1. Could you give each residue of the stretch B:161-167 its phi-based ³J(HN,Hα) in whole Hz, using Karplus coefficients 6.51, -1.76, 1.60 with θ = phi - 60°, and x for Gly or Pro?
2. Before anything else, pin down the relative contact order of chain B: Cα pairs under 8 Å, at least 6 apart, normalised by residue count, whole percent.
3. Any of A:Lys148/B:Lys224; A:Lys226/B:Lys148; A:Lys224/B:Lys148; A:Lys224/B:Lys226 with alpha carbons more than 24 Å apart? Name them for me.
4. What's the magnitude of the charge dipole for the stretch A:174-328 around its Cα centre, counting Lys and Arg as +1 and Asp and Glu as -1 at the beta-carbon? Answer in Debye, nearest 20.
5. Considering amide H positions built from the backbone, and no H for Pro or chain starts, which residues 5 or more places from A:Gly235, or on another chain, come under 5 Å of its amide H?
6. How much accessible area does A:Lys226 have with a 1.4 Å probe, in Å² rounded to the nearest 10?
7. Using unit Cβ charges (K, R positive; D, E negative) and no other charged atoms, how large, in debye to the nearest 20, is the dipole of the protein assembly as shown about its Cα centre?
8. Count charges around B:Arg79 for me, please; just the other residues with Cβ under 12 Å from its Cβ, Lys/Arg as +1, Asp/Glu as -1.
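The values are calculated or read from the model by the stated rules, or taken from the named source; none is laboratory data. Just so it is clear, the model here is predicted, and its values are computed rather than measured. Every residue, glycine among them, receives a Cβ derived from its backbone with ideal geometry; neighbour counts consider all protein chains shown. Calculation scope for accessible area: heavy atoms of the full protein, side chains included, ligands and nucleic acids excluded. Shrake-Rupley method; radii C 1.70, N 1.55, O 1.52, S 1.80 Å.
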There are 2 protein chains.
Amino acid sequence: MTSRMRHEIGEQPDALRTTVTSLLPQLDAVRAVAGRTRQVLFIARGSSDNAAVYGRYLVETHAGRLATLAAPSVATTYRRRLDLDGVLAVAISQSGRTEEIVETMEWARSCGAVTVGVTNGEGSPLAESADVALLTRAGDELAVPATKTYTTQLAALAVLAVGLGAQVDPDDLLQVPAEIERLIAATEASDALDAAVAELAKVPGTVVSARGIAFGTALELALKLKEACYLHAMGLSYADLLHGPIAVVDAETPAIVLGAEESPTLQGTVALARRVTEAGARVYGIGGGEALAEASSLALPGPRLPEWVAPLGLIVPGQLLVERLARTLGIDPDNPRGLRKVTQTGA
Amino acid sequence: MTSRMRHEIGEQPDALRTTVTSLLPQLDAVRAVAGRTRQVLFIARGSSDNAAVYGRYLVETHAGRLATLAAPSVATTYRRRLDLDGVLAVAISQSGRTEEIVETMEWARSCGAVTVGVTNGEGSPLAESADVALLTRAGDELAVPATKTYTTQLAALAVLAVGLGAQVDPDDLLQVPAEIERLIAATEASDALDAAVAELAKVPGTVVSARGIAFGTALELALKLKEACYLHAMGLSYADLLHGPIAVVDAETPAIVLGAEESPTLQGTVALARRVTEAGARVYGIGGGEALAEASSLALPGPRLPEWVAPLGLIVPGQLLVERLARTLGIDPDNPRGLRKVTQTGA
């Protein structure tokens, strides 16, 4: 039987088409708030936090604005006020109902920030309360692991970056849906998918690494492997990894290494893959073109997209890997233990 | 034979006394740069990055300024410029010679930031190049895992927070050395230390969790467990953990949970410990007073210090745990595989 998760992975091209078409006309609204602010502060948790990491690198590298992540506990637990004048606070929540995120966004506004809400929850508290709501159009997502709500969040953040002045061609976003269709077919046709699943089913943990604009993808894949496969998956930038935790990599602890095909981080990503294989560990490469594939033990295809939108496709082979690995391990990927769809994280 | 790491753990009280005494007279210099800036951007990697996480929460919760972490690749790999006018860029590096950190600090200055360097390397490029150098006085550190250079960095960041207007009593810092002496003795006298080591020696991985001002301590302990014990240690705030990765916790994956005795995050920390034990997993509590000890399977003592300086002591039982676990696993804690003392992470 096909899992809901696999079904929703396949719905991503349509969800992205609808989302991008509906958000591009909001560029003027984004430009209006962009003009009143000089930096971005993302507010998120879980998969949305990983989307924020993408948004953070994208805004800094392409729109030239400082963009960082908020610590919600400062607002919700310590209840301290900061001077957020000139800050664009971008809160991201799939449901738009996670109390901590809504509360932190309202705190940010009370501290002087202009607010943007990115959510799939039309009419949700986040959508209603934000100065500008960027609604994703993913439709209902029933599997617990976020897939189409995550990639449509990335699309919303890409539109946000364009509105903040990113020097890119917005039409690149229109290439993404067809590229994901190709990527799903190519990944499932690849012998490497089953081979990687068979190997990962035998190890307790793995490192997941990338850098820069692809780093959020590594964190998201690591989160999914923890949530749905109960794997000890450690998401690290390759710079962090080489600075210390590389010691953890060995014959029982492989690395999944991800990269966009055209990125200034690709050279370092390939060097990491070589170093890990030299240490006697297996490397599963995702994306990164021929260079990363050659340096990897097994290689899954990546998206042929400009770096700034590559993460919208780069997570997809990882989603397919997680779904298949969960089933191989006897886990229902739609309902992993201990999780619900709308998460409340308060004390 | 006593390891160098254990020896250096014991040198922390003296290193902290010397560091605090030498840095408190620099408060006026910090206040001068504080007056020219409105927010803080930390630049660091590895253990220094975990120190920065402490600095970030401390500055936000006690000095009321936005404080976030930089993405060095934006400077060193993407080579993009940001508007950093009004930003205090605080670069942290034990050696003061990690090229990536020095380069990112110089980039920050060229983008308009005022710079502070926190380093144990007197005369190092970081110390020489920063507008204000806060030198830690840890002396030479020979074991690869940072201990006294880490806690003295925390002391420097505590002094920085005071200079930025934190509403605290700076004399609290003077209590720390004696409290660490007590804590080392109490931890080594505790049956729980050997019991926790014996249990952790049998599992492939662990979750390490805390929140707020203690969160950086969880990240640092997770890093040490990866570096020196090759454990799959996943550092997560309890909010992140409950949002998804809690699924990973089971009979083979215990949790180490840390907290200060007096903190608005303590209630959530205790609730996490209860939830993990209810899931059938073991919990090793560090600190958090009676409340956390009662909710834990095994409890190590924590520092009796005000929350804002508690992390200077809270890591110490964790350091002792790492050193003993490494030896139990047959690893030389002073020289784990794959690591050197001064790390270069460039592509």
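1. Taking θ as phi minus 60°, the curve returns 4, 4, x, 8, x, 4, 8 Hz for the stretch B:161-167.
2. Computed over chain B, the figure is 19 percent.
3. Details: A:Lys148/B:Lys224 36 Å; A:Lys226/B:Lys148 33 Å; A:Lys224/B:Lys148 36 Å; A:Lys224/B:Lys226 21 Å.
Over 24 Å Cα-Cα: A:Lys148/B:Lys224; A:Lys226/B:Lys148; A:Lys224/B:Lys148.
4. Working: 11 positive and 18 negative charges, 54 e Å.
Dipole about the Cα centre, nearest 20: 260 debye.
5. Residues meeting the amide H criterion: A:Val208.
6. 20
7. Working: 60 positive and 80 negative charges, 60 e Å.
With Lys and Arg at +1 and Asp and Glu at -1, about 280 debye.
8. The answer is 0.
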